[in-house]
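Asker: Sending over a structure as structure tokens; questions will come in a sec.
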Amino acid sequence: AQKVTQAQTEISVVEKEDVTLDCVYETRDTTYYLFWYKQPPSGELVFLIRRNSFDEQNEISGRYSWNFQKSTSSFNFTITASQVVDSAVYFCALSGGGGADGLTFGKGTHLIIQP
Amino acid sequence: DAGITQSPRHKVTETGTPVTLRCHQTENHRYMYWYRQDPGHGLRLIHYSYGVKDTDKGEVSDGYSVSRSKTEDFLLTLESATSSQTSVYFCAISRTQGAGSRQYFGPGTRLTVT
């Protein structure tokens, strides 16, 4: 069975601070995919990144960066110089190698950026 | 915008009544999914479909059924709603058929069972 753990239920930081959201996963698949989604207060789910199990390169997109480490089964997400607009619930998710696989989500981390 | 609509967007119903939620896509994609979101649980997969009349169960399928008679519509039915089914329901699609495809989510339906 697959499992995603986001141990941080809520994080509160002051604007311009850097913040890291943790994600630890469990799977028996050798091929799998990891995702991050953002859910702002408006409620929609916004895709941020997809990473496959064979690509351990870190990714940077503007103020966002992701650190994938297979050795520790982690896929952590860092926001640099946080802004109030980053306030949202962030979900880490996992899917296996099957074509129709649904996503297994973590419980989410509620990030609050205070001005 | 992935061309996904959900209806209704909000619904209040009484325990024991049947409820059908509709997910409609405009892009003719094969894979569709239903999730529910509850505080403290994230999103959990209810059912999914990999084609017309081809559906399968997800993690939390008890109390739910689905149907897909047309590519564009994926219906989720609560045969006899219970208070534990109060939740926000999200539909999703995959635009590609490969493993690990990104899923695009609809706007969600907030269902309250009283």
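The values are calculated or read from the model by the stated rules, or taken from the named source; none is laboratory data. Owing to the predicted nature of the structure, the values given are computational and were not obtained by experimental measurement. Glycine gets a Cβ as well: all are built from the backbone with ideal geometry, and neighbour counts include every protein chain shown. The area values use the complete protein model at the heavy-atom level, side chains included, leaving out ligands, DNA and RNA. Shrake-Rupley method; radii C 1.70, N 1.55, O 1.52, S 1.80 Å.
Asker: One quarter of the convex hull surface, Cα atoms only: what value does that give for the range B:6-109 in nm²?
Answerer: The directionally averaged projection comes out at 6.3 nm².
Asker: Residue-wise, which Karplus ³J(HN,Hα) couplings in Hz belong to the range B:25-37, taking 6.51 cos²θ - 1.76 cosθ + 1.60, θ = phi - 60°, and x for glycine or proline?
Answerer: Here the 3J(HN,Hα) series is 10, 9, 10, 6, 8, 6, 9, 9, 9, 10, 10, 10, 10 Hz.
Asker: Also: Please find the FRET efficiency linking A:T30 to A:V85, where r is the Cβ-Cβ separation and R0 is fixed at 30 Å, and quote it to the nearest 0.05.
Answerer: 0.20
Asker: Next question, about the same structure. In peptide A:43-50, how many Cβ atoms from other protein chains are near each Cβ within 10 Å, on average?
Answerer: Average neighbour count from other chains, rounded to a whole number: 4.
Asker: Per residue of A:101-114, how many C-beta atoms from partner chains lie within 10 Å of its own C-beta, taken as a mean?
Answerer: Taking all residues of A:101-114 together, the mean is 5.
Asker: Also: Mind checking Rg over Rh on the protein assembly as shown, alpha carbons, Kirkwood formula for Rh?
Answerer: Rounded to two decimals, Rg/Rh equals 0.97.
Asker: So how far apart, in nm, are the two label points at B:D38 and A:N58 if each is 7 Å from Cα heading toward Cβ?
Answerer: With each label point 7 Å from Cα toward Cβ, the separation is 3.8 nm.
Asker: On average over all directions, what projected area in square nanometres does chain A have, based on the convex hull of its Cα atoms?
Answerer: Computed as one quarter of the Cα hull surface, the answer is 7.0 nm².
Asker: What ranking, highest mean first, results for peptides B:104-113, A:82-91, B:9-18 when packing means the other Cβ atoms within 10 Å averaged over each residue?
Answerer: Highest mean packing first, the order is B:104-113, A:82-91, B:9-18.
Asker: Here is the link list: A:K107/B:K11; A:K38/B:K53; A:K16/A:K70. Which ones come out longer than 26 Å on Cα distance?
Answerer: A:K38/B:K53; A:K16/A:K70
Asker: With a sphere of radius 12 Å drawn around the Cβ of B:A81, what net charge do the other residues whose Cβ falls strictly inside it have (Lys, Arg +1; Asp, Glu -1)?
Answerer: -1
Asker: Hey, any idea what Rg/Rh is for the range B:25-78, computing Rh the Kirkwood way over Cα pairs?
Answerer: Taking Rh as the inverse mean 1/r over Cα pairs, Rg/Rh reads 0.99.
Asker: Here is a further query. Can you send over the solvent-accessible area of A:E10, 1.4 Å probe, protein chains only, in Å² to the nearest 10?
Answerer: Its heavy atoms expose roughly 110 Å² to the probe.
Asker: Separate question: Where the centre of each part is set by its Cα atoms, how far does the range A:40-63 sit from the range B:64-114, in angstrom?
Answerer: If we compute the Cα centre of each part, the gap is 23 Å.
Asker: How far apart, in nm, are two points set 7 Å out from the Cα along the Cα-to-Cβ line at B:T15 and at A:E44?
Answerer: Placing both labels 7 Å beyond Cα along the Cβ direction yields 3.7 nm.
Asker: For a quick check, take a GNM of chain A with Cα springs below 10 Å and name the residue from A:T27, A:T80, A:T72 with the largest mean-square fluctuation.
Answerer: Of A:T27, A:T80, A:T72, the Gaussian network model singles out A:T72 as fluctuating most.
Asker: If I take every Cα pair under 8 Å that is 6 or more residues apart in chain B, average their sequence separation and divide by the length, what percent do I get for the relative contact order?
Answerer: 35 percent
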